[in-house]
Amino acid sequence: MRWIAKQGPFIEVDRQSPQDDRFYFGDTEVTELGLGEGARWILAARQAAVLSVVGGAAPRFAKSPLEVLHGSPEEPRDHLAVPNYWAAEELDAVLQAELPDPATWSEFLSRCRTRYDRLLISVHCDARLKSRPYARSLGRAIKRRLQVLQELMCNMNSDGSLSADGRELLDQYFKGQHARFTDESHTRKQTHPERFRFPDPDGDGALVCTWHGKVSPQSFRIYFEWPVPPPRRILKICYIGPHL
């Protein structure tokens, strides 16, 4: 989730200053902390939420909302419910939804390169898509496929083996009649081998990639190198575009 530090969202307005500017979470004063600022925004009828890094010493933050007292324990003025996120996946989805839609495919791919650090998305993908207007539904469908590949690579060991979670992803998305990722048929490999030769995203050569993710709407495909040669743990994405 390193993209959060680069793309926000960030607070760009002045701090809220309510009457009796004191806030408590339980017996802990949070006036000068992020939870206190979130409570100020809620008090001012503005949308706000907080992020909690939950560890063994902070289980009380593993819930939502967090109840914050405005005033002091001796003289409470109000009780405020501040939405709280502590699961990375849920927070990621919320923050992604807050970002404005990209205006172009180039902007879309730039965001994907920042977000999916285990995927090496070829610059040739930009050239393939630049003549097309950006389509929101298609972009979201592509991201869903890229997210699966990102999670798969996060669960790959240096020897090329997969963790238990990685094997579960493989079974769920790469196998079965309705698999989202499949290899090309033997017939297509033999009849049109040139279609599956792509520039190497990491060099001057070429890669033959026949494994691909299926994206609807518009019958798009994502071609990638598979299997990944160990000890590399980065997946090369060689093509994103219409069905070949």
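Taking the condition of being in contact (Cβ under 8 Å) with a residue 60 or more places away in the chain and either among the aromatic types (Phe, Trp, Tyr) or surrounded by 16 or more Cβ atoms within 10 Å (Cβ to Cβ) (or both), how many residues in region 95-107 meet it? Qualifying residue count, region 95-107: 1.
Conditions (1) in a strand (DSSP E or B); (2) exposed (fewer than 13 other Cβ atoms within 10 Å of the Cβ); (3) among the aliphatic types (A, V, I, L, M); (4) touching a residue at least 12 places away in the same chain (Cβ under 8 Å), marked per residue:
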{"residue": "81", "(1), (2), (3), (4)": "yes, yes, yes, yes"}
{"residue": "90", "(1), (2), (3), (4)": "no, yes, no, no"}
{"residue": "109", "(1), (2), (3), (4)": "no, no, yes, yes"}
{"residue": "117", "(1), (2), (3), (4)": "no, no, no, yes"}
{"residue": "120", "(1), (2), (3), (4)": "yes, no, yes, yes"}
{"residue": "132", "(1), (2), (3), (4)": "no, no, no, yes"}
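Does region 159-180 hold any residues that are open to solvent by less than 70 Å² (accessible area, probe 1.4 Å) and touching a residue at least 40 places away in the same chain (Cβ under 8 Å), and which are they? Step through it out loud before you land on a result.
So the first thing to find is which residues in region 159-180 are open to solvent by less than 70 Å² (accessible area, probe 1.4 Å), and the list is 160-164, 166, 169-170, 173-174, 176, 179.
If the condition is that a residue be open to solvent by less than 70 Å² (accessible area, probe 1.4 Å) and touching a residue at least 40 places away in the same chain (Cβ under 8 Å), then 160 is the only one that fits.
Among the residues of region 213-244, those that are open to solvent by 10 Å² or more (accessible area, probe 1.4 Å) and under 20 Å from the mean Cα position of the chain (by Cα) comprise 214, 216, 221, 233, 234, 236.
With the requirement that a residue be modelled with pLDDT under 95 and β-branched (Val, Ile, Thr), what does region 188-214 give you? Correct list: 191 only. Can you spot a residue in region 65-72 that is more than 24 Å from residue 151 (Cβ to Cβ), of a type in the set (Gly, Ala, Ser), open to solvent by 70 Å² or more (accessible area, probe 1.4 Å) and in a loop (DSSP other than H, G, I, E, B)? For region 65-72, residues more than 24 Å from residue 151 (Cβ to Cβ), of a type in the set (Gly, Ala, Ser), open to solvent by 70 Å² or more (accessible area, probe 1.4 Å) and in a loop (DSSP other than H, G, I, E, B): absent.
Would region 41-59 turn up any residue that is under 25 Å from residue 144 (Cα atoms), open to solvent by 40 Å² or more (accessible area, probe 1.4 Å) and modelled with pLDDT under 85? Yes, some residue in region 41-59 is under 25 Å from residue 144 (Cα atoms), open to solvent by 40 Å² or more (accessible area, probe 1.4 Å) and modelled with pLDDT under 85.
The values are calculated or read from the model by the stated rules, or taken from the named source; none is laboratory data. Since this is a predicted model, take the numbers as computed values, not measurements. Glycine also receives a Cβ, built like all others from the backbone with ideal geometry; neighbour counts cover every protein chain displayed. Keep in mind that these areas ignore ligands, DNA and RNA; they rest on the heavy atoms of the full protein, side chains included. Shrake-Rupley method; radii C 1.70, N 1.55, O 1.52, S 1.80 Å.
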